[in-house]
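**Student:** Have a look at this one.
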Amino acid sequence: MRYAEYTKYKYAGVLHHTGTLLLGVGLYLLLPLIVLLPHPQDSVYVMSFLYSSLIAIIAGVSLRLIGRGAGEASLDLAEGGVIVFITWTTAMFLSAFPFHLSGLLSFRNALFESVSGWTTTGLSVVDVSDTPMIFLMWRSLMQFAGGAGLAIVMLSAILGPHGRGLYQAEGRTEQLLPNVKRSAKVVVMIYGGYTAAGTILYMAAGMTPFDSINHSLCALSTGGFSTRVESIGYYNSSFIETVTIVLMLLGSTNFATHYVMLRGKFRALSRSGELRITAVLLAVFAPIVLTGVLSPLYSFARAMRVALFQTVTALSTTGYSTASYGDWSDLSVACLVLLMLIGGGICSTAGGIKQYRIYILVKSVVWEIKSHLLPRTAVRENYIWRGESKFYVSHEHIKEIGVFFFIYMSTYTIGVSIFLAYGYPFRESLFEFASALGTVGLSTGLTGASMPSGILWTQIVGMFLGRLEFFVIIYSLVKIIRDIIGRK
């Protein structure tokens, strides 16, 4: 009986905090209405957002009332995972309503666009050349919130020390400061500051204010939604491409690394394994991609710009593009697929397996070889630098990373197999699902409003799993099932 009462109390706390987050989602749904000030012609779509916001707010208030009295319940990783899982799932459904209620998209396609937005993927089924600006802004705002981790930012700020479990469940394994609330505030300050700077630089480069805001929101969140059909390639500007590259790299860098950098601890930066991997991957793969880009269509200077930009956008899992891939060599396309699978830094806005995990796996091979060369009585502690301090890597930690790598690649194999079963070419199947699972957004042209439902749902599941990184979903479902069984 005590276990049943304790479980009931815990889930009341889960519902209470989930309700708080849904209230935030409801208010966030009103933010695109600011576009009406310079573009009043979009006022015909106001009710689509108001109805969606009202549904979210009613759901939030209802859950808070159901869970009243348990708002101070401490959250561990398991409860945090349940909240993140429920909140993200619900937010994606609610965020699809404006697209559907307005008649712009079927609910199937609206959900795809919403999931792509919140997971910062950037694959799209809308024609941006014919999409009202209020919806273009909503797409960008979803990516901005999804990249920052709306759940941890909002709830950690509210709960303070009680929010540590949620902070970890949302994929933030490193705290910038001892207090979770202060860490969340630092993340917001860093994120907001970079976005403002990016907007100013884009405007200085000649973008309209609307395009500048949208591209800055989506470049830093490594989301990749654009207001132009040709993406960044529309502008054909080396300065705009440079600004975008910088924002993409900043977005794919661990927030803890940003904090160290902004404090001027450059010696600690030089020890970062992720930064070293980024530098090596760009130095190795950009020239390889260049060989596949060179053609009579491009000058050498233009080919270099394309190769560098596409290498960065794939590695950072952003998905902005300056070229199509129809005439690229198989080797260059394979390089982009590999970079999309690797992804950006852990505790960043990027997707993929994450450079930190790749770094640990490579180091573990080196440590294993060294262990066989040392005397049998030697005691060795393996460590890496995380921020300004050493992190001693246990065998359990390596095993966990190995399990994640296996699950990730198994999921990738299943997804590619589904594409092949639908008759898609092998090269395009590898590319498209790597983009979905890595939350990248690059496409060979397969993704669109007319794609089969089976492929659409495969990509939706891939984007969702890629953003929440498997373990959160697995832990959450296992906990819910165990608690249901335990109460019987």
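Each value in this text was obtained by applying a stated rule to the coordinates, not by laboratory testing. Note that the coordinates shown come from a computational prediction; the quantities given were computed from them, not determined experimentally. FYI the Cβ positions are ideal-geometry reconstructions off the backbone, even for glycines, and counts take in every protein chain you see.
**Student:** What ranking do 213-223, 270-280 get when scored by the average of other Cβ atoms within 10 Å per residue, highest first?
**Tutor:** So the peptides 213-223, 270-280, ranked by packing, come out 213-223, 270-280.
**Student:** Using the Karplus curve 6.51 cos²θ - 1.76 cosθ + 1.60 with θ = phi - 60°, what ³J(HN,Hα) values do you get for each residue of segment 469-481, in whole Hz, with x for Gly and Pro?
**Tutor:** For segment 469-481, the Karplus curve yields 6, 6, 4, 4, 5, 4, 4, 5, 5, 4, 5, 4, 4 Hz.
**Student:** Next question. Counting only helical runs of four or more DSSP H residues, what would the 222 nm mean residue ellipticity of the chain come to if each run contributes -39,500 (n - 2.57) and the total is spread over all its residues?
**Tutor:** -22000 deg cm²/dmol
**Student:** A further question follows. Find how much the distance from Ile485 to Arg68 grows on full extension, using 0.36 nm per residue of separation minus their present alpha carbon separation; answer in nm with one decimal.
**Tutor:** Gain in length upon complete extension: 147.7 nm.
**Student:** Give me Rg/Rg_expected for segment 203-316, where Rg uses Cα atoms only and Rg_expected = 2.2 N^0.38 Å with N residues. Walk me through the intermediate numbers first.
**Tutor:** Values: Rg = 15.4 Å, N = 114, 2.2 N^0.38 = 13.3 Å.
Taking the Cα Rg and dividing by 2.2 N^0.38 Å, one obtains 1.16.
**Student:** At 0.36 nm per residue, and after removing the present C-alpha to C-alpha distance, how many nm does the segment from Ala196 to Thr242 gain when stretched out fully? Please list the in-between numbers first.
**Tutor:** On the way: separation 46, 0.36 × 46 = 16.56 nm, distance 1.63 nm.
Net length gain for the segment: 14.9 nm.
**Student:** Based on the mean of other Cβ atoms within 10 Å per residue, sort peptides 432-442, 315-325 so the most packed one is first.
**Tutor:** Sorting 432-442, 315-325 by mean packing, highest first, produces 432-442, 315-325.
**Student:** Net charge near Thr227: determine it from the other residues with C-beta under 15 Å of the C-beta of Thr227, scoring Lys and Arg +1 and Asp and Glu -1.
**Tutor:** Cβ neighbours under 15 Å give a net charge of -4.
**Student:** Tell me, how many Å apart are the Cα centres for segment 388-445 and for segment 332-364?
**Tutor:** With segment 388-445 and segment 332-364 each reduced to a Cα centre, they are spaced 9 Å.
**Student:** Sticking with this structure for a sec: Any chance you could tell me what percent of the C-alpha pair distances in segment 395-488 go past 19 Å?
**Tutor:** 48 percent
**Student:** Taking the simple approach of a point 7 Å from Cα along Cα-to-Cβ for both Ile414 and Glu368, what is their distance in nm?
**Tutor:** 2.5 nm
**Student:** Shifting gears a bit: Tell me the Rg and the Dmax, in Å, that the Cα atoms of segment 319-382 produce.
**Tutor:** Cα radius of gyration and Dmax of segment 319-382 are 18.2, 58 Å respectively.
**Student:** Tell me which lysines have Cα within less than 27 Å of Lys185's Cα, excluding those fewer than 8 residues away on the same chain?
**Tutor:** Lys10, Lys265, Lys354, Lys390
**Student:** Calculated from the structure, percent of Cα pairs over 33 Å apart equals which of (i) 37; (ii) 64; (iii) 54?
**Tutor:** Of the listed options (i) 37; (ii) 64; (iii) 54, (i) comes from this structure.
**Student:** To continue, here is another question. Return a whole-number percent for the relative contact order of segment 286-445, with Cα pairs under 8 Å and 6 or more residues apart as the contact set.
**Tutor:** Over segment 286-445, the number comes to 25 percent.
**Student:** Around Arg386, which amide H atoms from residues at least 5 apart in sequence, or from another chain, sit under 5 Å from its own amide H, with H modelled in the peptide plane?
**Tutor:** Phe391
**Student:** What is the order of Lys390, Lys265, fewest Cβ neighbours within 10 Å to most?
**Tutor:** In order of increasing Cβ crowding within 10 Å: Lys390, Lys265.
**Student:** Lys and Arg at +1, Asp and Glu at -1: add these up for the other residues within a Cβ distance under 14 Å of Phe135 and post the number.
**Tutor:** Its environment carries a net charge of -3.
**Student:** So, one more: Return the FRET efficiency for the residue pair Tyr298, Ser129: r is the Cβ-Cβ distance, R0 is 22 Å, and the value is rounded to the nearest 0.05.
**Tutor:** Once rounded, the FRET efficiency stands at 0.35.
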